[in-house]
Each structure stands twice: as C-alpha cells, then as structure tokens.
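The structure appears right after this line, and notes come after that.
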Amino acid sequence: MGGSCFLRRVIRNCRSIVRQPRDVMRRLILATLLSMAARAAADDAYPKVAPSSGGPPPGWASVSPPTTDQDWRCANYSPDEWRVETGPDDVVLISPAPRRGAITLETTGGRLIGTNHGEFGGTVEWQHSRSSRRSLIINDNPVAFVASEHGIILVAGLAHLGVRRGHLLKLSRSGDESWLASEVLDLGTAPNAAQLVEKDRLLIATTTGVALVDLRTMSKKVLYENPQWYLLYGGSIVQSKSGQIILGKRRAVVSLTAVDSTYREEWWVPSTCRTLRRSSGPLDPCECAGP
C-alpha cells in the first residue's frame, strides 16, 4: 500500500513539473520517470485473468481495431505492451510484457541460449551444465526454442525497415559439445512468437499475421493476415481449447475468433483507455481519450 501511495505522489509531482516551461531534456527525463512510475503502479494488479468464455478480463473492454492511419500511429506509440500465457482451466493470463532478454531451453547435459539484438545480430549458443563456457551454434535472430517430438526447433528471423525474413531450423546434437543447425522451413516473413498447440502443430505469430506449421511435413498455412500488425510488435501467442487465438501486442491484446473460413479480429484494452487521441504535448504523440 505504501509503495502505491509513493508511486501516486511521484506521478502527481512529475506531472506538475512536466507542465512547467523547463529545459527540453529535463522535461524528457521527467516524462520518462512519469511513464515508468505509472507502469509500476499498474503492475500491482497483474496478471489479469481472461475467462474461458473467450472475453476480456474484468476491467478490460473489447474494441475494434484501428481504422485510420492516425489511430494505427497512436497504437504504435503506445507505452503499453502485453504478454499472454495459458493458465489453469483454459484461462488466459495477461500481464505487462517484460523487457526482452535471452531465451533458453534446458536439454540433457546443458542448455541452449538464444540472444537477439535485432538488426545488430544474434546468436544461438550451447552451454554445458559443467561449464560456464558457451559454444556458438549459429549466428541468427532467435525468437523461440520449441521442444517437440520432431526434435528441437529454432524459430528465428528479423523484421527491420524493409527486411522481413524468418525460418525454422532443426537443432541436432553431434557429440557431447557440438550442435548442427539446418533449415527445415522458410517462413517468408519475420516471426514474433511461437507456441506448440499440438504435438505436430506449431502456431506462429508473424509480423503481419498468424501461421500454422505442420511439423510432420514442415509445411505452412497462413491463418490470418493484417498488414498493419508490423506496428504492434508483440512476443506472445496462445490458443484456447475452443480454437480462439490470443496474442500479446503493443497497445492491446488481440483476439482472433474463427468465423466461417476466416477470423474475426478484436482488441482487448484496459477499460480506462478505450481510445487514443493525438496529444497536444511535444513528448507523447498520443494520449488516452478516456473510457
């Protein structure tokens, strides 16, 4: 409780300072502190639980995706980014997305470590359990490790400026210390997240949609596309038992519900910020327009 009161004081004091005609750099620093304090205060109440009925959690609202370039731009500049996970009884847990770091997969005798620095490159390495030394397997941009009946699959790729590339690689062990990486499928676009939904089916969130990969044949089927999703980033995807696909993205949690031969897209957002509007301030291009 004391921490929440402190954060409220920080937010109130920062707001009063930011409004004053100060040095631009100082205002930028204070605005950053304000945003961090607001996010920390909001984190107290997470994770949120979306019911198995398929709707948004309490305190959240279902809204339509943006329809104008300005609305998409506001979504792109949103300070909020969400993570989704599957909880018990088929509920979906929603929480603020953590800062992206290394991904790991524990295997017999050690672990695989993936580090992704975006346009600056990335690596996949092997670390033996009896050593701190790492051995390079491949230079790539790792997104997810998938342990399946068909072996360990690395989902990797990059979206930067006009580049959108991605592929699946099979990681095979050769001896006690060596690993081999071989491409098994070209995705044709950049992946953001992946989730094994059945033993032979891998659901992949891409920069502009959702694809389903059959691991037996290493073939891809595009389930849904929205070319504006490249503005939303996002690093998590789950599928409910009913088939609903839910993605954690910037600004919103995106829900895809099957309708005939396609999917209906709706967004879940905090009910206190159903819409965004262009801001008159120089620091934030958009702000909440209220419930």
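Every number in this text was worked out from the coordinates using simple rules, so none of it is lab data. Because the structure is predicted, anything quoted here is derived from the model rather than measured. We place every Cβ from the backbone using ideal geometry, glycine too, and count neighbours over all the protein chains shown.
Points worth noting:
- Normalised per residue, the volume of the convex hull around the Cα set of segment 155-274 (Å³): 143 Å³
- With the cut-off at under 19 Å, measuring from each backbone N in segment 228-262 to a point 7 Å along the Cα-to-Cβ line of Ser271 picks out 252-255.
- Difference of contour (0.36 nm per residue) and Cα-Cα distance, Asp260 to Leu161: 32.2 nm
- Sequence-distant residues sharing a close amide H with Asn141 (under 5 Å, placed H): Gly157
- Under the convention that each Lys and Arg Cβ holds +1 and each Asp and Glu Cβ holds -1, the size of the dipole of segment 246-291 around its Cα centre is about 120 debye.
- Reported to the nearest whole Å, the Cα centre-to-centre distance from segment 75-127 to segment 216-291 is 18.
- Peptides ranked, highest mean first, by Cβ atoms within 10 Å: ranges 216-224, 231-239: 231-239, 216-224
- For segment 55-68, 3J(HN,Hα) per residue [Karplus equation, 6.51 cos²θ - 1.76 cosθ + 1.60, θ = phi - 60°, Hz, x = Gly/Pro]: x, x, x, x, x, 10, 10, 9, 10, 7, x, x, 10, 10
- Distance between the 7 Å Cα→Cβ label points at Asp89 and Ala61: 2.7 nm.
- Backbone amide hydrogens, once placed in the peptide plane, bring Gly109 within less than 5 Å of nothing, excluding anything fewer than 5 places away on its chain.
- In percent, rounded to a whole number, the relative contact order of segment 188-251 is 26, using alpha-carbon pairs under 8 Å and six or more apart.
- Normalising the average separation of contacting C-alpha pairs (under 8 angstrom, six or more residues apart) by the number of residues puts the relative contact order of segment 197-291 at 15 percent.
- 5 angstrom amide H check on Ala190, placed H, neighbours 5+ away: Arg165, Thr207
- Rounded to 0.05, the FRET efficiency of the Met218 and Arg134 pair, given R0 = 41 Å and the Cβ-Cβ distance, is 0.90.
- Full-stretch length increase - Ser279, His117 - with 0.36 nm per residue and alpha-carbon distance subtracted: 55.2 nm
- Peptides 191-203, 161-173, 95-107 ordered by packing proxy, namely the average of other Cβ atoms within 10 Å per residue, highest first: 191-203, 161-173, 95-107.
- Taking 0.36 nm per residue of separation and subtracting the Cα-Cα distance, full extension of the segment from Val184 to Glu225 would add 12.5 nm.
- The listed peptides 244-256, 70-82, ordered by packing as a protection proxy, come out as 244-256, 70-82 (highest mean of other Cβ atoms within 10 Å first).
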